[in-house]
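The values are calculated or read from the model by the stated rules, or taken from the named source; none is laboratory data. All figures in this text were calculated on a predicted structure; none of them were measured in a lab. FYI the Cβ positions are ideal-geometry reconstructions off the backbone, even for glycines, and counts take in every protein chain you see.
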């Protein structure tokens, strides 16, 4: 903002702001949207922890309505500050735009920028780990993942196995050396599922209009989102077919896992025994049990699924988790 106030707005003038350094390509524009929208991807993470919110039907929409405009305001003005201090060529050549920006404007205090970026990244990762682990927790509770991931710590009530699984998955993603390729992988698959989810909302609104909906919005917004979604995915696939194809292939690896782990219900006894032993070992290592509320809803069914119940330890753990 200080650069703008000082009159450094050359690259913000319309005559220069829309100056093209290469031929326009709709595929590259879609890819730019895909990569840029990655920074705004946190809008949906709060939905993962709805069960842990106080009065979620009021606080969830309120948090989203407040956070999205606030984050958009901060990000847009941060990019305006970068453009006022750096030329497009400098932006493209820099491996860390914020650090280069600090070196040009802050002088001896430029060390503040990398520390600020690191703290911001740490906060983002912390929030992502906190929320993403609830995906695995909920999936396991529905029977789509190993039952160990649906367990919580007997004292802290945190889904430790799901958190560890999230950690391992994250480390595997970091095996790629190109961060932009990883963003394309994740961004393409994320938006694919976002679109399917939003389309499902429209289908349910048409087929089951009388369904109870604590949070209800106009269908205009899902339709607008789907139009933008179609543009983003189609032209991203056109621009980077190999990268998007690899992302699709990674996603499709879950199909055989689903058929082997979920759909196939007549597994050999030796396989079930092996899984039970792994679950039992994981429970002892992480000190976790099924949540007490699941125990009550299932009417004791959860006890039969837990290897620890064979030794009478599950009752103690469930009783402890009920105190949380």
For the range 48-66, give me the residue count where each residue is part of a helix (DSSP H, G or I) and out of contact with any helix residue (DSSP H, G or I) (no Cβ under 7 Å at 6 or more places or on another chain).
9
Do you know which residues across the range 136-168 are under 25 Å from residue 272 (Cβ atoms) and surrounded by fewer than 17 Cβ atoms within 10 Å (Cβ to Cβ)?
139, 142, 143, 144, 168
Pick from 191, 238, 185: which is surrounded by 13 or more Cβ atoms within 10 Å (Cβ to Cβ) and over 15 Å from residue 30 (Cβ atoms)?
185
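Can residue 204 be described as part of a helix (DSSP H, G or I), surrounded by fewer than 18 Cβ atoms within 10 Å (Cβ to Cβ) and at pLDDT 85 or above? Before the answer, list the steps.
Values: part of a helix (DSSP H, G or I): yes; surrounded by fewer than 18 Cβ atoms within 10 Å (Cβ to Cβ): yes; at pLDDT 85 or above: yes.
Considered against the rule, which asks whether it is part of a helix (DSSP H, G or I), surrounded by fewer than 18 Cβ atoms within 10 Å (Cβ to Cβ) and at pLDDT 85 or above, residue 204 comes out as yes.
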Just the residues that are over 21 Å from residue 40 (Cβ atoms) and surrounded by 12 or more Cβ atoms within 10 Å (Cβ to Cβ), please, taken from the range 95-111.
99, 100, 102, 103, 104, 105, 106, 110, 111
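This table checks each residue for (1) within 30 Å of residue 157 (Cα to Cα); (2) within 17 Å of the chain's Cα centre (by Cα).
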residue: 35; (1), (2): no, yes
residue: 49; (1), (2): yes, yes
residue: 53; (1), (2): yes, no
residue: 59; (1), (2): yes, no
residue: 69; (1), (2): no, no
residue: 74; (1), (2): no, no
Residue check, residue 177 modelled with pLDDT under 80, within 30 Å of residue 261 (Cα to Cα) and either in contact with a helix residue (DSSP H, G or I) (Cβ under 9 Å, 6 or more places away or on another chain) or part of a loop (DSSP other than H, G, I, E, B) (or both)
no
Taking residue 281 and the conditions (1) surrounded by 12 or more Cβ atoms within 10 Å (Cβ to Cβ); (2) within 30 Å of residue 40 (Cα to Cα); (3) without any contact (Cβ under 8 Å) to a residue 40 or more places away in the chain; (4) out of contact with any helix residue (DSSP H, G or I) (no Cβ under 7 Å at 6 or more places or on another chain), which numbered condition does it fall short on, given that it satisfies the others?
(2)
Hey, residue 69 hits all of (1) farther than 28 Å from residue 139 by Cβ; (2) assigned to a helix (DSSP H, G or I); (3) modelled with pLDDT under 80 but one; which does it fall short on?
(3)
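With the condition being under 31 Å from the mean Cα position of the chain (by Cα) and either on the phi > 0 side of the Ramachandran plot or at pLDDT below 75 (or both), I'd like the helices (runs of 4 or more DSSP H) fully within the range 236-324 carrying at least 2 qualifying residues. Working first, answer last.
Details: elements: 241-252, 254-258, 269-286, 292-298, 301-305, 314-321.
Because the criterion is at least 2 residues that are under 31 Å from the mean Cα position of the chain (by Cα) and either on the phi > 0 side of the Ramachandran plot or at pLDDT below 75 (or both), the helices (runs of 4 or more DSSP H) in the range 236-324 that meet it are 292-298, 301-305, 314-321.
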Test residue 231 against the stated conditions and say whether it is surrounded by 14 or more Cβ atoms within 10 Å (Cβ to Cβ), closer than 20 Å to residue 199 by Cβ, at pLDDT below 80 and more than 19 Å from the chain's Cα centre (by Cα).
no
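Of all residues in the range 214-228, which are without any contact (Cβ under 8 Å) to a residue 12 or more places away in the chain and surrounded by fewer than 13 Cβ atoms within 10 Å (Cβ to Cβ)?
Step one: filter the range 214-228 for residues without any contact (Cβ under 8 Å) to a residue 12 or more places away in the chain, giving 216-218, 220-221, 224, 227-228.
216, 217, 218, 220, 221, 224, 227 - these are the residues of the range 214-228 that are without any contact (Cβ under 8 Å) to a residue 12 or more places away in the chain and surrounded by fewer than 13 Cβ atoms within 10 Å (Cβ to Cβ).
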